[in-house]
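**Q** Please see the structure below; I have some questions.
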Amino acid sequence: MSELTPTRSVVLELRDEQRAMREGHAFLDEKCLLLAGEIVRELNRYSALAGALRGANDDATRALVASIGRHGLDGLEVYPRGDLSAARYRQDLRSLMGVKLAEASLSAGSIGHANAIDASPEAERCRLACIAVIEQAAALGAVAGNLERLSTEYQRSLRRARALADVLLPEIVQVTGELETRLEELEQEDAIYMSRSTGPAQPAR
């Protein structure tokens, strides 16, 4: 910028750039606030879903222990698994400042399975408890992805805002000031030159 010619049009262009940069900084500042607010909301959702997942996992662990106690580990390994072919995964997408956010749910529905030779309530409860863990994990995974994308965009926007405020804007303000000063000096030199060249006419001898 130091090589710019000090003209009035160049100064006006630099002022326009300053205005655009300030508007850009205000936009990025507002964007960071919106993203930060959404991050807080998603963190609250994550905390609630993580608690639900821990609870489902604890239930599944207790059901597994009870099933092993009833069938033994070898017996439980050959117990017919549940059929999840009818399970339905749903994902609703929305966008915030260009960041895609998802809300997911998994519904196992009616879990079909082959008839067990030695069916037991313990094994059936274990099956259902494990399905509940999967359902909770699906919802939690979507929120975790949201937080990753929001955090990435927040950091990117924050870096851009700081670059504008701390580097680009001060630089262009300084250059504009230097050009305006130099332009005023040139205009004064031109005025002095013009006043000298158009001085009072000498009287005829």
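Just so it is clear, none of the values below were taken in a lab; they were calculated from the coordinates. Fair warning: this is a prediction, and the values are worked out from it, not measured in the lab. Neighbour counts are summed over all protein chains in view; Cβ atoms, including those assigned to glycine, are modelled from backbone coordinates with ideal geometry.
**Q** With charges only on Cβ, +1 for K and R and -1 for D and E, what is the dipole size of the range 1-154 about its Cα centre, in debye, rounded to 20?
**A** For the range 1-154, the charge dipole is close to 240 debye.
**Q** Can you pull the Rg over Rh of the chain, Cα-only, Kirkwood?
**A** Result: Rg/Rh = 1.49.
**Q** Where a ≥ b ≥ c are the square roots of the eigenvalues of the C-alpha gyration tensor, would you call the range 124-205 rounded, which needs a/c under 1.5, or, failing that, prolate if a/b is larger than b/c, or oblate?
**A** The shape class here is prolate.
**Q** Between helix 169-197 and the chain, what is the angle of the helix's C-alpha long axis to the longest principal axis, kept within 0 to 90° and rounded to the nearest 10?
**A** Long axis of 169-197 versus the principal axis of the chain: about 10 degrees.
**Q** So, one more: Ordered by packing density, taken as the mean number of other Cβ atoms within 10 Å over each peptide's residues, highest first, how do 14-20, 30-36 rank?
**A** So the peptides 14-20, 30-36, ranked by packing, come out 30-36, 14-20.
**Q** Place the peptides 60-73, 126-139 in order of packing, highest mean first, counting for every residue the other Cβ atoms within 10 Å and averaging per peptide.
**A** Peptide ranking by packing, descending: 126-139, 60-73.
**Q** Relative contact order of the chain, please, whole-number percent, based on alpha carbon pairs below 8 angstrom and at least 6 residues apart.
**A** Taking the mean separation of contacting Cα pairs over the length of the chain, I get 33 percent.
**Q** Ignoring everything except DSSP H segments at least 4 long, calculate the 222 nm mean residue ellipticity for the chain; use -39,500 (n - 2.57) per segment, divide by total residues, nearest 500.
**A** -26000 deg cm²/dmol
**Q** OK, next. Note the angle between two axes, namely the Cα long axis of helix 8-77 and the longest principal axis of the Cα atoms of the chain, as a number of degrees from 0 to 90, rounded to the nearest 10.
**A** It works out to around 10 degrees.
**Q** log10 I(q)/I(0), Debye, Cα-only the range 134-181, no solvent, q = 0.25, 0.28, 0.29 Å⁻¹?
**A** Here log10 of I(q) over I(0) equals -0.84, -0.91, -0.93.
**Q** Put +1 on the Cβ of every Lys and Arg and -1 on every Asp and Glu Cβ in the chain; which of S195, F27, S107 then has its Cα farthest towards the positive end of the dipole?
**A** S107
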